[in-house]
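Q: Encoded as structure tokens, here's the structure I'll be asking about.
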Amino acid sequence: MVVRLLVGATALSLIVPSSVSFAREPAGAAAHGASAVMGLTFVRGRLIQNQYVMRTRADGSVMRFVRGFNPVWSPDGRELAFIALRPTAPSAGMESDIFIISADGRYRRRLTNDPSQESAIEWSPDGAQIAYSDAVPHGGSGDIIVADRSGRRHRRLTRTDWICESPTGWSRDGRWVQVSTCVTGARSERRATDGKRRAASAPRGSLSPDGRSPAYLESDDNASTLFVADADGKNPRRVAVLNASTLPEWSPDGRWLAFEGDARDGCGAAEYRAQIFVIAPQPNSKPIPRDCVDAWERSPAWQPVRR
């Protein structure tokens, strides 16, 4: 179907497919109980031109939700931000924009509309703002921008031609955007009002819903080791050695971590294929594939429980 979007005074058209249900996929994590996969959103498809955001139902089956990639739920679970490509001339390079769709799929709106490549979406804790990275096609560095939820106001925090930075989260008070450099992974923070830099104040990794346990990876050339630590980053406990390529994401109830891994590990694939796994955050846990389907799956994101 064609959805009409209003950006300022300009009406735009976005072609969005209707939701299409897939057959139930009972193997893998769904067999371990509904909480292992309920509310899990992910991207299916190898090439970004053909990727779809998928959602998991309470019974473990999945449905195609919207065409796009890099899904990130708002803290209240009512809206999903994602990135979609838009057609350009062959010489113009690939351009993308951030869109927001309601959880029930009834409405969607465009957050950005510029000749850039957006990435790394991060909602503020109160859901009022969104930080993201944009880069000019053909090799421009990534700057950090903060937009309000409506998309009417955008504030550029960085203007750098020589370094690429991406947002990785927010401080709990919503005043600072946590960032990392794209090449070295060095961590720091930018004030959300003016971009002023300060040293990183929070432990690295993905913080559990109760704020008590960051989960993080330590990687070498062969594999990544998943650790869970105390709130201050001390007392790390080794959970497992993984072939993980993304930082694990906590489920809303804190019982599971989801990450993007290698289908050769748990699905018997003959060659590399991106696959979603879940793992319990206790020492010596075993990763469980979401399901062993013959398709690339990546970018896990849990829908927060509405309160």
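The values are calculated or read from the model by the stated rules, or taken from the named source; none is laboratory data. Computed from a predicted structure; not experimentally measured. Glycine gets a Cβ as well: all are built from the backbone with ideal geometry, and neighbour counts include every protein chain shown.
Q: Answer yes or no as to whether residue 280 is aliphatic (A, V, I, L, M), under 19 Å from the mean Cα position of the chain (by Cα) and surrounded by fewer than 22 Cβ atoms within 10 Å (Cβ to Cβ).
A: Spelling it out, it is not the case that residue 280 is aliphatic (A, V, I, L, M), under 19 Å from the mean Cα position of the chain (by Cα) and surrounded by fewer than 22 Cβ atoms within 10 Å (Cβ to Cβ).
Q: Among (1) surrounded by 14 or more Cβ atoms within 10 Å (Cβ to Cβ); (2) without any contact (Cβ under 8 Å) to a residue 24 or more places away in the chain; (3) not in a loop (DSSP other than H, G, I, E, B), which single condition is residue 260 missing?
A: All conditions are met except number (2).
Q: Find all pairs meeting these conditions: Cβ atoms under 6 angstrom apart; at least six residues apart or on different chains; first residue within the range 212-226 and in contact (Cβ under 8 Å) with a residue 60 or more places away in the chain; second residue among the β-branched types (Val, Ile, Thr) and surrounded by 16 or more Cβ atoms within 10 Å (Cβ to Cβ).
A: That search, which allows pairs on different chains as well, returns 213/228; 215/228.
Q: Take the range 263-284 and flag every residue that is in a loop (DSSP other than H, G, I, E, B), among the small types (Gly, Ala, Ser) and within 28 Å of residue 123 (Cβ to Cβ).
A: Passing the criteria: only 280.
Q: Residues of the range 149-165 being crowded, with 20+ Cβ neighbours inside 10 Å and not acidic (Asp, Glu), which ones?
A: Within the range 149-165, 157 is the sole residue that qualifies.
Q: How many of the residues in the range 206-222 are of a type outside the set (Asp, Glu), over 10 Å from residue 248 (Cβ atoms) and surrounded by 10 or more Cβ atoms within 10 Å (Cβ to Cβ)?
A: Within the range 206-222, residues that are of a type outside the set (Asp, Glu), over 10 Å from residue 248 (Cβ atoms) and surrounded by 10 or more Cβ atoms within 10 Å (Cβ to Cβ) number 7.
Q: For the range 107-221, please list each of the strands (runs of 3 or more DSSP E) lying entirely inside it that holds at least 2 residues being at pLDDT 90 or above and either within 20 Å of residue 304 (Cα to Cα) or of a type in the set (A, V, I, L, M, F, W, C) (or both).
A: 117-123, 129-135, 142-148, 165-170, 176-181, 214-219
Q: Also, quick follow-up: How many residues are charged (D, E, K, R) and modelled with pLDDT of 95 or more if we restrict to the range 79-90?
A: Of the residues in that region, 1 qualify.
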